[in-house]
Amino acid sequence: MKSMKPLLVVLAGLFILVLMIPALLVSPFVSQSNGSLGEELKQKEQQEKPQVPKSSVTVSVYRTAAKKVENVALEDYVFGVVASEMPADFEEEALKAQALAARTVIVKSLTAGKGISTPTGQKANVTDTVIHQVYRNKEELKKLWGSDYSWRSEKVLAAVSGTSGQILTYENKPITASFFSTSNGYTENSEDYWPNAIPYLRSVKSTWDEASPKYYSQQIFSVADFQRKLGVSLKSANSVGKVIERTSSNRVAKVEIGGKTLTGRDVRDKLQLKSTDFTWTLKGGNVVIQTKGYGHGVGMSQYGANFMAQDGKSYKDIVGYYYNGTTLAAADPFLTKLTAQQ
C-alpha cells in the first residue's frame, strides 16, 4: 500500500496539469480578445454620443466677468448659449427649438457685420449677457452643473447636433429669433415692446404657460424707493396710479402716476419687474407689485416650448407657432459668406 502513494501523487499531478494546459493556452487570447472588444465598444459608444458639429466660423465673445474676448467655434457657441438659456431637463424638442433660435440669432448678428466695442477696447461680435445671449463655456458649465454635467451636456449636444446647419429665415434673411422665459398667456406683438412691427413676431396664445413656476411674481418697494426709481411723486396716499392703456396681450402699455405718463416698459425697466403685465397696491407704506409672466414677451416662450414638446410637438412645430410665417433654411449660404470674410 505504501508503494502506491508516490504513484498516486504523480498521477494526480499529471491530471491537474492536463486540466490547466488548455486554460493557460487560451487565457492570453481571451484577454487580448476582451481588450480589443472593450476598445471597439468604447469607440462605438463615443461615436454614438452626440458631438458638437464642426464649423469654420468663429464668434468673438466678450466675457464680461473675465474682461477679455474669447473666440469660440460657432456650434460651440450655440451649445454654450442653449446650456445657459434653457434648463437642460427640458424636453429634447424644446431644446432643439432653443438651439435653432440661438443659432439664428448669432448668424443674423454676424451677417449684419456690426461688432461691439468692449470696455477693454477689444472688438467682439457679442457679449455673454442677456444684451445678446447668455453664454458659458464648457469649463464654466462643469463647475455649474457638477456631477450632472455628463447627462446635461449630452442632452444639449443632442439638441445642437439635431438642428445642425439650420436657421430660421423670413424673405431669405435670418430672423430676429427673440425668446423669453414665460408669457402671461399670450406672446407680445413686437411693436408693443420695441419700435417696429415685425411680421413674424405676432401675438399668439400661450395659455399653457400658466403652469410655469415663473408665471407669478411679487416685488415690494417702499413708497420713497418707488418714487425715486420712477421719478414720480404720488399725489394720493390711497392709490399708486392707473393703467390708461393695455396692449392686445393685456400687458401694460401706458400708466399715469402722479400726473406723469410712463410706458409699461419704462416701469418694468426702472423697477426691474419680471413682466409688463403688472398690477399694484399700496400696503403699509409699501407698493406691492404683482406680475404675470417673465420676460419681454416677444417671440418664443421657453416654458411654452417645453409644454408643447410634452404634448408631442416637434421643434419644427414649436418654432412655426411662435415665429409664424418663417422658413426653416440652411445656414450654409450665410456661413459661406462669413467664412470668406474671416
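Going through SER109, SER153, SER181, SER147 one at a time, which residue ends up being under 28 Å from PRO333 (Cα atoms) and among the polar types (S, T, N, Q)?
One residue alone meets the criteria, SER109.
Of the residues that make up the range 140-163, is at least one touching a Leu at 6+ places or on another chain (Cβ under 6 Å), assigned to a loop (DSSP other than H, G, I, E, B) and in contact (Cβ under 8 Å) with a residue 40 or more places away in the chain?
Step one: of the range 140-163, the residues touching a Leu at 6+ places or on another chain (Cβ under 6 Å) are 159, 163.
Filter again for assigned to a loop (DSSP other than H, G, I, E, B), leaving 163.
Remaining after also requiring in contact (Cβ under 8 Å) with a residue 40 or more places away in the chain: 163.
Checked against the condition, which is being touching a Leu at 6+ places or on another chain (Cβ under 6 Å), assigned to a loop (DSSP other than H, G, I, E, B) and in contact (Cβ under 8 Å) with a residue 40 or more places away in the chain, the range 140-163 yields at least one hit.
Taking the criterion of being under 30 Å from VAL82 (Cα atoms), of a type in the set (A, V, I, L, M) and either part of a helix (DSSP H, G or I) or over 26 Å from the mean Cα position of the chain (by Cα) (or both), would at least one residue in the range 201-212 satisfy it?
Yes, because at least one residue in the range 201-212 is under 30 Å from VAL82 (Cα atoms), of a type in the set (A, V, I, L, M) and either part of a helix (DSSP H, G or I) or over 26 Å from the mean Cα position of the chain (by Cα) (or both).
Cβ contacts < 6 Å: first residue within 22 Å of LEU271 (Cα to Cα) and in contact (Cβ under 8 Å) with a residue 24 or more places away in the chain, restricted to the range 290-308; second residue of a type in the set (Val, Ile, Thr) and buried (at least 24 other Cβ atoms within 10 Å of the Cβ), any location; separation 6+ or different chain. Result?
GLY293/THR182; TYR294/THR182; GLY297/THR187
Do we have any residue at all in the range 223-238 that's at positive phi, over 31 Å from the mean Cα position of the chain (by Cα) and in a loop (DSSP other than H, G, I, E, B)?
The answer is yes, given that some residue of the range 223-238 is at positive phi, over 31 Å from the mean Cα position of the chain (by Cα) and in a loop (DSSP other than H, G, I, E, B).
All but one of (1) within 30 Å of PHE307 (Cβ to Cβ); (2) basic (Lys, Arg); (3) touching a helix residue (DSSP H, G or I) at 6+ places or on another chain (Cβ under 9 Å) hold for LYS260; state the number of the condition that does not hold.
(1)
Since every read-out is calculated from the coordinates, none of them should be taken as a lab result. Note that this is a predicted model, so its numbers are computed, not measured. Here the Cβ is made from the backbone with ideal geometry for all residues, glycine too, and neighbour counts use every protein chain on show.
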